[in-house]
Structures are given as structure tokens and as C-alpha cells.
Amino acid sequence: MATVGYERVRTADQNTDHQLQGVATDIVFTDKASGKDTNRPELERALQYVRAGDVFVIHSMDRLDRNLADLRSIVNQLTSKGVVVKFHKEQPTFTGDDSPMNTLLLNLLGSVAEFERVLIKERQREGIAVAKTKGRYKGGQPNLSPAQADELRGRHAAGEGATKLARKFSLSRASVYNYVGAG
């Protein structure tokens, strides 16, 4: 029997230091990705790793998922394998033979997490709209000057790899491919 931890933060510059602090775990899987869906590599690894008798511990429900249907699905998937699911912050434990109160808590707190995500997106859209009216929004603007973009495309055409070009021009690999494709 192992205690398997799962942590999630939204961006790479955030840290998980507080999430499972003081919780004894045998192994911890950590994603730096949005909780909008289950497309997270470390979550997938954790779900494949756990076995019957293991305890799967997460700081809070919103760290596991911010979509109620996905949250319920993950908890059901784990408990059907004989894995106990514990949420450290909210305190409920799910075994598959759960009380109506636990089920209500999962649905209620999962709905709150989903609602928070919608509010965050709404505030972000409103903030962008305000910034655009004030001429301060720079999203989607090219990172390179036309001369730099031409240099990048030339170097790529000469066989230089996207990773090396990304480092040289301080871009993501995806941006390199965007520049190369936008000829």
C-alpha cells in the first residue's frame, strides 16, 4: 500500500510547496497545467501508477480538477480500482462506498471550483477588453522585428533546430514554428 500524492499549479512560475506540506507520501506527481480538463501528463502517470489499497491524496478538489464531470469521473475511476481518495484541505475521504454527505460535498465543492474557473476566465476577458480600449493590450503581437523574423526563418531553412532557435531568440518552440510557417 502506497500513499500517492498529486499536486497541480496552473503555471510554471507557481510552486506547490504548500499543497501537501505535512502529508506523508511515498511518491508525488506534479503538473504545471490548467485544471480545465484531464489532459495532464503527471495526472495520467499517477492514475496509471496507483493500485488497489493505495491512498491517493490531493491538497484540494480544485487542484485535482476544475470541471465537475471530470472531478467525479477521476474519483470514480480511482475508487473503482480500490484506491482511497483523500482531499487534505476539505477532509472528505472517498472509498467507492461513500455516504450521501460525501457525494454531496464532492458535487458542491466541485461545482464551486468549476464556477471559480468560469469567473477567472470572465475577469480575464474583461481585463483584456479594458486594456485594449486604453491601448495597453499587447497580446498576440510579434516578439521579433521583421529582420529578426527573416533571420530566424533563414536559419531554420538552413537546418538549425527549433529548440536552438527558441533559445537564441528567447521564444517558445511553438512561436518558432509560427514564424517559420508564416512566411
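Against the condition assigned to a helix (DSSP H, G or I), open to solvent by 90 Å² or more (accessible area, probe 1.4 Å) and at pLDDT below 90, how does ASN178 come out, does it pass? Judged against the criteria, ASN178 is a match. Name the residue that is nearest to SER175 (Cα to Cα), counting only residues in the stretch 135-162 that are over 27 Å from the mean Cα position of the chain (by Cα) and modelled with pLDDT under 85. Top of the filtered list is ARG136. Of the candidates LEU71, LEU64, the single residue that is under 20 Å from ASP17 (Cα atoms) and under 15 Å from the mean Cα position of the chain (by Cα) is LEU64.
Of the strands (runs of 3 or more DSSP E) entirely within the stretch 16-119, those holding at least 1 residues that are in contact with a Phe, Trp or Tyr (Cβ under 8 Å, 6 or more places away or on another chain) and open to solvent by 70 Å² or more (accessible area, probe 1.4 Å) occupy 84-87. Scanning the stretch 81-108 for residues that are among the hydroxyl-bearing types (Ser, Thr, Tyr) and either in contact with a strand residue (DSSP E or B) (Cβ under 7 Å, 6 or more places away or on another chain) or under 17 Å from THR3 (Cα atoms) (or both) turns up THR93, THR95.
The number of residues in the stretch 120-139 being open to solvent by less than 100 Å² (accessible area, probe 1.4 Å) and under 21 Å from ALA33 (Cβ atoms) comes to 4. When the criteria are applied in full, GLU114 meets the requirement of being under 30 Å from MET61 (Cα atoms) and in contact with a helix residue (DSSP H, G or I) (Cβ under 6 Å, 6 or more places away or on another chain). All told, ARG8 meets the bar of being more than 14 Å from VAL83 (Cβ to Cβ), among the basic types (Lys, Arg) and either open to solvent by less than 20 Å² (accessible area, probe 1.4 Å) or modelled with pLDDT of 95 or more (or both).
Candidates GLY110, GLY96, GLY82, GLY127: the one that is in contact with a Leu (Cβ under 7 Å, 6 or more places away or on another chain) and among the small types (Gly, Ala, Ser) is GLY110.
The values are calculated or read from the model by the stated rules, or taken from the named source; none is laboratory data. As the structure is a prediction and not an experimental result, all values here were calculated from the model. Neighbour counts run over all protein chains shown; Cβ positions are idealised from the backbone, glycine included. When the accessible area is computed, the model is the full protein with side chains, heavy atoms only, and any ligands, DNA or RNA have been set aside. Shrake-Rupley method; radii C 1.70, N 1.55, O 1.52, S 1.80 Å.
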